[in-house]
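A.B. asks: After the structure tokens below, expect a handful of questions from me.
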Amino acid sequence: MNNTETNDIVTVEKYRRSLRFLMLALSGILTGICLVIPKIGFLEWLTLVPCALFLLTLASKDGLRLRALYGYGVFFFSAFYLVNFHWFVNLYPLDFIDGMTKGAALCVVIAAWIGLSLFQAVQGGLVFVLAGIVFRSSACRRFALLKPFALAGIWAVYEWLQTFGWWGVPWGRLPLGQSEYLVGLQTASWFGPYFVTFIIVAVNACVALALADKNKLKLSCIVAAALFVFQYGAGTVIWFSHKNTGETIKVAAIQGNISSHEKWDTSSSQKTREVYEQYTREAAKKGAKIVVWPETALPYTLSKGSSYYRFAVDIAKENNVTILVGAFSRDENNAQYNSIICFAPDGSSLDNVYSKRRLVPFGEFVPLRSLIETLIPPLAELVMSGEEVAQGEGAQLFMLDEGALGSLICFDSIYEELTRESVIDGAQLICLSTNDSWFTDSAALYMHNAQAQLRAIESGRYIVRSANTGISTVINSRGEVIAELDPLVDGMIVEDVYMRSNKTLYTRIGNVFVYMCGLAVLSVIVCDVCSRILKKVKKK
């Protein structure tokens, strides 16, 4: 082989490598955009095709090292997460942190956006590695149609694993891209959100298999179409068979439009009192029996006898309503909690307090603090109240004459097990208090609300969502937003909701489907390893 031929081969290989990266970047970016702009979420049924095509054509080859495959995976997920977390730029200039310069703020915002995206991508790259291992198994080599389902199962398990530990942030789940097409999400009430992920990935991968293998063209297309039809067919059946049971009650969500940039300023305390008193009074006049205030609507510790405690007591009593107040609380060890405190119409407060169960890294606590203080000191100063928050425990339902209320606070709502735990304990209505004011009117607000829509479908419960600066919504048990207040305005929404007691199949069985996916993937790997060992033994 002469030098010209060698150079031609090198050039062709570089071209192929560039094409691979282009395919993965396009796939990751387009899939991320579907989550950010769910109105075009129908494209999500095809946006993963380039990614799946890459895996089907290359991951099966023994010549491609798993290390290289991992690198491709990190690249794909980096493109995906950079789109998903783009709204971090709205934190700039971090003027709610004392002494933060614009230069330091820029560094922190970039570190948060790019750092979190890469951190998640480093974990996501393992999806490609596992796909390579499974695709090279004897079972997948013999039955090519197993590959799309193997990839779907691996992806579903990956999304589920993100719910464990502070390092996993399950923000970029594929079902969120379908929040404008709720019929297709209804199967989450049967088998959970990971089943929806499984179907989306499987459809994309079957289309990719049709493109990669002409011998499997017809069969792959039939399977892809069957999965899509099942998803929407089953969703239609669930949608139209859905029945509301139980009593109705009027609830209100108050949106004070007092952002994090001003709520910690003591000069805003009078405005806080006036806004929440005014809208609670108006909600009561419209017949509301339960009024939900946002997360840390009163950014103070509400100890009995304090002025803000008496303020909440007086409003509940004067308006004859139950108020769920977002504030701080402390235990006997003086640990601080981000909490919801319930004030009854008679002016008393319920003994139990709901405290946030999933805390925001770098917002409410600093993981690996000593390391962060050494590497990126400004990042260690992001704790919103200046003091780290302790993690709450248990659903802590509020038992009222009208029924049992379950609470969630902000970050809690992206973890399905917390809502499920509340419903298992008896919650008939979920009240969600949140503070998304850090991100003004960016896509983050709508993506966060889409998480609540998914929780409503899974649990079969109405959700009343009160946000400091928006968006505040009331979501029915099919995931429909039936009342909404735009961001960056003050106001309230009052709506009739059902106090539901029935339990969805998903509430009863939990994530059994994702366990089955994990077991199936593990079985393929174990069987293949055992088969190779036996072959080596026979050769000897």
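A.B. asks: Keeping all protein chains in place and using 1.4 angstrom, which order do Tyr498, Tyr194 fall into by accessible surface area, from largest down?
C.D. replies: Ranking Tyr498, Tyr194 by accessible area, largest first, yields Tyr498, Tyr194.
A.B. asks: Using a simple charge model, +1 on the beta-carbon of Lys and Arg, -1 on the beta-carbon of Asp and Glu, nothing else, what dipole does the chain show about its Cα centre, in debye to the nearest 20?
C.D. replies: Values: 48 positive and 46 negative charges, 667 e Å.
Charge dipole of the chain: 3200 debye, to the nearest 20.
A.B. asks: From largest to smallest, what semi-axes in whole angstrom does region 100-141 give when each is the square root of 5 times an eigenvalue of its alpha carbon gyration tensor?
C.D. replies: Sorted largest first and rounded, they come to 40, 5, 4 Å.
A.B. asks: Also, quick follow-up: Could you sort the peptides 433-440, 393-400 by per-residue average Cβ neighbour count (10 Å cutoff), highest mean leading?
C.D. replies: Listed from highest to lowest mean packing, they are 433-440, 393-400.
A.B. asks: Once you have the Kirkwood Rh of region 452-540 from its Cα pairs, apply Stokes-Einstein at 4 °C and 1.567 mPa s and quote D in µm²/s. Walk me through the numbers before you get to the answer.
C.D. replies: Working: Rh = 16.9 Å.
It diffuses with D of about 77 µm²/s by this estimate.
A.B. asks: Three principal axis extents, largest first, for the C-alpha atoms of region 134-195, in Å?
C.D. replies: Projected onto the principal axes, the Cα atoms of region 134-195 cover 38, 32, 18 Å.
A.B. asks: Toward the positive end of the charge dipole of the chain, about the Cα centre and with charges on Cβ (Lys, Arg +1; Asp, Glu -1), which of Ala111, Val494, Leu400 goes farthest?
C.D. replies: Checking the options against the dipole of the chain, the answer is Ala111.
A.B. asks: Then there is this: Taking only protein heavy atoms into account and a 1.4 Å probe, give the accessible area per residue of region 402-506 in Å².
C.D. replies: Ligands and nucleic acids excluded, the figure is 23 Å² per residue.
A.B. asks: OK, next. What does the accessible area of Ile37 come to, in Å² to the nearest 10, when a probe of 1.4 Å is used?
C.D. replies: 80 Å²
A.B. asks: Could you give the angle, 0 to 90 degrees to the nearest 10, between helix 3-36's Cα long axis and the longest principal axis of the Cα atoms of the chain?
C.D. replies: 30 degrees
A.B. asks: Between Glu417 and Glu274, what length comes free when the chain is fully extended (0.36 nm per residue of separation minus the Cα-Cα distance, one decimal in nm)?
C.D. replies: So the chain would gain 47.8 nm between Glu417 and Glu274.
A.B. asks: Right, another one. Give the share of C-alpha pairs in each 5 angstrom bin for region 53-116, from 0 to the last occupied bin, in whole percents, shortest bins first.
C.D. replies: Over region 53-116, the share of Cα pairs per 5 Å bin runs 4, 16, 18, 14, 11, 9, 9, 8, 6, 4, 2, 0 percent.
A.B. asks: With a 1.4 Å probe and every protein chain left in place, tell me how much accessible area Ser307 has, in Å² to the nearest 10.
C.D. replies: Accessible surface of Ser307 is approximately 60 Å².
A.B. asks: Within region 101-173, report the chymotrypsin sites (Phe, Trp or Tyr not before Pro) that DSSP leaves as loop and that have at most 14 other Cβ atoms within 10 Å.
C.D. replies: Loop-located and lightly packed - Phe143, Phe164, Trp166, Trp167.
A.B. asks: Could you order Cys221, Cys517 by accessible surface area, starting with the largest, using a probe radius of 1.4 Å?
C.D. replies: Cys221, Cys517
A.B. asks: Something else about it: Which entries in Lys39/Lys147; Lys14/Lys61; Lys289/Lys317; Lys61/Lys216 show an alpha-carbon gap greater than 20 Å?
C.D. replies: Lys39/Lys147
A.B. asks: So how exposed is Lys14, as accessible area in Å² (1.4 Å probe, rounded to 10)?
C.D. replies: 120 Å²
A.B. asks: Right, another one. How many nm separate the modelled label positions at Glu387 and Cys221, each set 7 Å beyond the Cα in the direction of the Cβ?
C.D. replies: Placing both labels 7 Å beyond Cα along the Cβ direction yields 6.6 nm.
A.B. asks: Restricting attention to the alpha-carbon atoms of region 316-469, what are Rg (one decimal) and Dmax (integer), both in Å?
C.D. replies: Final numbers for Rg and Dmax: 16.4, 53 Å.
A.B. asks: Please state the Cα pair-distance histogram of the chain with 10 angstrom bins from zero: what percent is in each bin?
C.D. replies: 4, 17, 26, 24, 16, 8, 3, 1, 0, 0
A.B. asks: Hey, what did region 98-179 get for relative contact order, percent, Cα under 8 Å, at least 6 apart? Don't jump to the answer; show the numbers that get you there.
C.D. replies: Values: 28 pairs, mean separation 17.8, N = 82.
Relative contact order comes out at 22 percent.
A.B. asks: With axes computed from alpha carbons, what is the tilt in degrees of helix 307-319 against the longest principal axis of the chain, rounded to the nearest 10 within 0 to 90?
C.D. replies: On a 0 to 90 degree scale, this one is about 80.
A.B. asks: To the nearest 500 deg cm²/dmol, what mean residue ellipticity at 222 nm is calculated for the chain from DSSP H runs of n ≥ 4 alone, each contributing -39,500 (n - 2.57), summed and divided by the residues?
C.D. replies: Helix contribution divided over all residues of the chain: -16000 deg cm²/dmol.
A.B. asks: Can I ask one more? Report the relative contact order of the chain, percent, no decimals, based on alpha-carbon pairs under 8 angstrom and at least 6 residues apart.
C.D. replies: On the way: 1060 pairs, mean separation 85.6, N = 540.
It comes to 16 percent, rounded to a whole number.
A.B. asks: Report the full-extension gain for the segment Glu480 to Lys538: residue separation times 0.36 nm, less the Cα-Cα distance, to one decimal in nm. Intermediate results must be reported in sequence, preceding the final value.
C.D. replies: On the way: separation 58, 0.36 × 58 = 20.88 nm, distance 6.07 nm.
Gain on stretching Glu480 to Lys538: 14.8 nm.
A.B. asks: Please grab the % of Cα pairs in region 75-194 that end up more than 25 Å from each other. Show your work: numbers first, answer last.
C.D. replies: Values: 2976 of 7140 pairs.
That tail contains 42 percent of the Cα-Cα pairs.
The values are calculated or read from the model by the stated rules, or taken from the named source; none is laboratory data. Everything numeric here is computed off the predicted structure, so don't read it as measured data. Because the Cβ atoms are built from the backbone with ideal geometry, glycine has one as well, and the counts that use them run over all protein chains shown. Protein only, heavy atoms only, side chains kept; ligands, DNA and RNA dropped before computing areas. Shrake-Rupley method; radii C 1.70, N 1.55, O 1.52, S 1.80 Å.
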